Amino acid sequence: MIDRGRLRRRVLVAAIFFFSGASSLLYQTVWLKNLGYVFGNTVYATATLVAIFLGGLGIGAWIFGKRFRSRSPLLVYAVVEAFIGVIGAFSPWIFRLLDAIYVSTWSSLADAPGAVSLMRIAVSSLFLLPPTILMGGTLPVLIRWWEEAVESSGRAIASLYSINTFGAAAGVAMGGFVLIPRLGLVRTLVVAVATNFVLAVAAVLIARIRSSSRGAEETATLQEEIGSAYGLGARAVLLVAFLTGMVAISNEIFWTRILVLHLGSSVYAFSLMLFGFLIGIALGSAAARTRWPRTHPVAALGALQATLGVVLAFQVWYFTKLSDVLGHLAEIVRPTGYAETFLVLLAGVLTAVIPPTLLMGATFPLVVLLYELITKNSESRATGSVYLWNTLGSIAGSLAAGFLLIRTLGSQNGIFATAVVSMMLAAFLIIPSGRLAGSTRRALVTMLIVAAGALSIGWVLIDRDAVIYTAGIYEGERSKIRMMREDTSATVVLREVGDGLWLELNGVNVAGTARDLVGTQMLQGHLPLMIHEDPRKVLHIGFGSGGTAYSVSRHPVEEIVIAEISPEVLESSDRYLRSVNHGVLEDPRVETVINDGRNFVLATPEKFDVILSDSIHPRFAGNGSLYTLDYFRLCRDRLEESGVVSMWLPIYTMTTKNYLEILAAFREVFPDTTVWYVPDTLNAFTIVIGKMSPGPLPLAELGAQLKGEAASQLGEIGVDGSAELASMLVLDPFGVEKITRDVAPHRDDRPTIEYESGRLMRRDLSWYRNFRMLVLESTPLRRAFRDANPEAIAEAERLRRERFLRHLSILESRLVEKAAPSDPAQPLQR
């Protein structure tokens with residue numbers, strides 16, 4: 001007969017743990033975003049933060065699983081949730097403290113990268129370990145309650161692990177698609193904190209409901225019935241936990257590298273990928289729960305690992321067809337907006353990752369069960385030990401895949417390598433005699449042989465790096481790819497597009513030889529240095545093709561510091577794009593720093609005469625932090641009194657609201673702001689320049705600097721005199737103030753550009769709208785250049801008007817030609 005009281009408590013506790021998982025993912029998203037502002041968004045800094053976060057979860061599970069003996073698990077759980085909420089509530093102030101500590105110590109360690117890394121680990125651990133240890137402890141604490149009050153051995157971990165992971169997937173969806181875009185980071189943090197306190201109160205109330213306990217008796221009975229003679233020691237099971245964790249996270253790294261080429265680098269794409277991974281893990285754990293009463297743990301675990309090897313081999317082939325799958329899904333759904341498009345992409349992600357993650361999700365609770373039966377520990381204690389070793393494996397897998405395997409093997413062979421590890425685990429579990437009955441062992445050995453054969457066939461037949469070359473943005477253009485290399489921070493591709501070359505990182509164009517790119521780089525390199533009275537020291541953020549740095553080097557500056565987040569960009573541009581940069585990295589005045597540009601500006605004590613901020617498009621994940629009010633304030637703090645700062649600001653694939661939000665943030669820090677546009681060709685970029693010292697633009701003085709190499713370069717983009725120079729101006733400070741007067745500035749807390757512009761699917765339409773807005777609001781040149789020759793101004797007005805009309809006409813023609821929406825199968829690309 002069903003005990004309705006016990007059933008009701010089970011449902012309530014399950015609901016609590018679901019929302020606990022959602023809250024934990026909200027914390028992870030918000031905390032890692034804020035810590036990225038402090039420590040930078042380099043691959044090394046991010047890997048360090050993720051490793052610490054995972055490590056805290058594992059340590060917490062082990063401590064609470066091994067040491068926890070309370071007879072009131074729900075009360076302990078309530079205290080843990082409350083403490084997490086307290087830490088979460090104070091975390092904004094903690095971030096400021098960490099920022100101050102980091103800045104104060106960085107300058108003394110800047111010349112020792114190893115010491116900087118150790119300092120990052122130490123400082124971030126001070127914050128991340130306490131709450132993550134508590135988060136990790138919630139699972140064994142609730143398992144203790146579940147096994148005593150509700151379930152028999154083995155089922156508690158499967159039930160709660162599945163429920164919590166479903167909650168984590170919900171947290172990814174709510175945080176990435178709803179809360180952060182609409183509320184911002186701080187208010188999303190408030191939601192997570194409020195959730196913790198509600199869960200704490202709910203746990204206390206449930207604990208007061210009395211119910212009989214029989215779980216411990218059932219656990220002992222089950223252990224006696226099944227026994228523990230599996231021919232495996234406890235250490236061997238922990239090794240299995242380590243290796244399965246390593247395989248799971250390594251594949252998550254490989255899958256992300258491949259899927260980003262199909263989905264793009266938007267924040268939504270990364271949310272979709274993580275959501276799919278977590279849903280598969282949760283479903284696998286839930287499915288395993290119903291099978292355990294009828295399975296032998298060693299046989300089941302061996303079969304899972306052998307099957308996983310086959311599925312991973314099949315997945316490699318499937319990735320080579322994913323572009324076609326997305327195309328077929330788009331034909332069925334026929335999306336007309338971003339919501340339907342994301343459903344198409346989600347379906348593609350799920351079909352790719354659900355099969356292997358189902359098997360991975362079933363593996364973890366099964367390993368816990370096996371360890372519990374062998375050691376005769378309680379389920380909560382077994383969970384703590386297995387969780388710790390599984391987490392250590394996850395950390396090892398993340399670091400090995402990200403820093404070693406991708407560079408040496410590539411993503412495709414990396415997946416094959418993890419399939420081999422799974423096969424070896426299966427052989428280790430299946431082949432030794434005495435562990436399994438003869439018929440079961442023979443069936444599993446046959447299965448293992450077939451699996452090994454399938455894996456070998458897949459490795460031989462599938463072309464090397466086919467998962468990269470068949471991605472949507474490269475499909476049909478393989479002959480045009482000049483170079484492809486998977487490296488630590490990105491997949492680097494150099495390919496021919498039209499008459500030029502594009503350098504791409506993870507499918508995002510970061511440099512090239514196209515005429516509009518080269519012209520914009522020339523303008524950003526020359527114009528700020530011409531506006532400054534006597535530039536000596538220049539900071540250039542984002543090397544790209546190197547054209548901007550080369551233009552700067554044509555001026556008599558004393559030092560050029562280049563902060564570039566990707567060493568691959570420096571290496572590839574220096575090797576393949578010398579027609580643009582002319583080997584400027586060999587200039588003795590040039591110093592390169594491999595770091596997130598924002599992090600360098602935050603930490604360095606140096607001051608500069610000119611700062612050139614030349615980042616990737618702000619709509620891509622992580623790049624919006626170089627277009628916020630907070631970042632511009634950091635730039636101001638690093639400028640000399642007469643300093644000048646410039647910013648590359650695209651007008652394509654960005655809403656007009658977002659463009660103006662960035663401009664408003666820049667103007668709030670630099671009231672003397674102007675906007676410029678390259679004259680010689682249609683392009684989708686503007687250059688925004690701010691001065692520390694306000695004052696009118698001296699056209700005569702600027703025109704006088706058109707001599708020597710600067711004049712020669714600018715002449716290539718049609719700037720031969722004062723009139724052509726003046727015609728490049730779009731907005732003066734009064735014009736910028738007018739169009740941003742009622743616009744809220746873009747801030748760290750509200751990264752709207754990544755979320756709002758990340759939904760745009762039509763590059764040309766947004767380009768046209770923003771360009772038309774700038775044309776309609778363009779500044780009268782006679783007001784901007786008050787001391788200029790009237791004839792020069794009249795000529796500049798004529799040149800600018802003709803250019804604006806010509807370029808608007810071209811954009812309008814493109815819109816007519818592309819009246820149908822862009823290919824919905826590839827909506828998140830540049």
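The values are calculated or read from the model by the stated rules, or taken from the named source; none is laboratory data. All figures in this text were calculated on a predicted structure; none of them were measured in a lab. Cβ atoms come from the backbone with ideal geometry, glycine included; neighbour counts cover every protein chain shown. These area figures cover heavy atoms from the full protein model, side chains too; ligands, DNA and RNA do not enter into them. Shrake-Rupley method; radii C 1.70, N 1.55, O 1.52, S 1.80 Å.
Quickly run through region 557-584 and pick out the residues that are farther than 15 Å from Phe608 by Cα and part of a loop (DSSP other than H, G, I, E, B).
Applying the first criterion (farther than 15 Å from Phe608 by Cα) to region 557-584 yields 564-584.
Hits for region 557-584 are Ile565, Ser566, Leu577, His582, Gly583.
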Of the conditions (1) open to solvent by 10 Å² or more (accessible area, probe 1.4 Å); (2) within 16 Å of Arg575 (Cα to Cα); (3) hydrophobic (A, V, I, L, M, F, W, C), Leu503 fails just one. Which one is it? (1)
Selection from region 726-778 of residues polar (S, T, N, Q) and not in a loop (DSSP other than H, G, I, E, B) yields Ser727, Thr740, Thr752, Ser757, Ser766, Asn770
Please verify whether region 43-61 includes one or more residues that are in contact (Cβ under 8 Å) with a residue 12 or more places away in the chain, part of a helix (DSSP H, G or I), among the small types (Gly, Ala, Ser) and closer than 30 Å to Asp637 by Cβ. yes
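Assess whether Ser545 counts as being open to solvent by 10 Å² or more (accessible area, probe 1.4 Å), of a type in the set (S, T, N, Q), in a loop (DSSP other than H, G, I, E, B) and closer than 26 Å to Met728 by Cα.
So Ser545 does not fit the description; no.
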Among the residues in region 585-597, are any open to solvent by 10 Å² or more (accessible area, probe 1.4 Å) and in a helix (DSSP H, G or I)? yes
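Rundown of residues vs (1) modelled with pLDDT under 85; (2) of a type in the set (Phe, Trp, Tyr); (3) open to solvent by 20 Å² or more (accessible area, probe 1.4 Å); (4) over 20 Å from Thr383 (Cβ atoms), yes/no style:
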{"site": "Arg71", "(1), (2), (3), (4)": "yes, no, yes, no"}
{"site": "Val80", "(1), (2), (3), (4)": "no, no, no, no"}
{"site": "Ala89", "(1), (2), (3), (4)": "no, no, yes, yes"}
{"site": "Ala110", "(1), (2), (3), (4)": "yes, no, yes, yes"}
{"site": "Pro113", "(1), (2), (3), (4)": "yes, no, yes, yes"}
{"site": "Val116", "(1), (2), (3), (4)": "yes, no, no, yes"}
{"site": "Ser124", "(1), (2), (3), (4)": "no, no, no, yes"}
{"site": "Leu128", "(1), (2), (3), (4)": "no, no, no, yes"}
{"site": "Glu147", "(1), (2), (3), (4)": "yes, no, no, no"}
Going through region 480-538 in order, the residues found to be assigned to a strand (DSSP E or B) and among the polar types (S, T, N, Q) are Thr491, Asn509
May I ask you to verify whether Val76 is part of a helix (DSSP H, G or I), open to solvent by 40 Å² or more (accessible area, probe 1.4 Å) and farther than 23 Å from Asp630 by Cβ? no
The lone exception for Ala100 - which of (1) in contact (Cβ under 8 Å) with a residue 12 or more places away in the chain; (2) farther than 26 Å from Ala194 by Cα it fails: (1)
Being open to solvent by less than 10 Å² (accessible area, probe 1.4 Å) and of a type in the set (Lys, Arg) is the filter here, so list the residues in region 612-650 that pass it. Arg619
Say we look at region 232-290 and pick out the residues that are open to solvent by 40 Å² or more (accessible area, probe 1.4 Å) and among the basic types (Lys, Arg); which of these is nearest to Asn377 (Cα to Cα)? Arg235
Among the residues of region 427-477, what is the count of those that are in contact with a Gly (Cβ under 6 Å, 6 or more places away or on another chain), buried (at least 18 other Cβ atoms within 10 Å of the Cβ) and at pLDDT below 70? 1
Can you tell me which residues in region 681-696 are at pLDDT 80 or above, open to solvent by less than 40 Å² (accessible area, probe 1.4 Å) and touching an Asp or Glu at 6+ places or on another chain (Cβ under 8 Å)? Thr681, Leu682, Asn683, Ala684, Phe685, Gly690, Lys691
Here is a list: Lys66, Lys33. Which entry is charged (D, E, K, R), touching a helix residue (DSSP H, G or I) at 6+ places or on another chain (Cβ under 8 Å) and open to solvent by less than 60 Å² (accessible area, probe 1.4 Å)? Lys33
Candidate set: region 376-420, residues that are open to solvent by 40 Å² or more (accessible area, probe 1.4 Å), of a type in the set (D, E, K, R) and out of contact with any Gly (no Cβ under 6 Å at 6 or more places or on another chain); chosen: the one nearest to Ala236 (Cα to Cα): Lys376
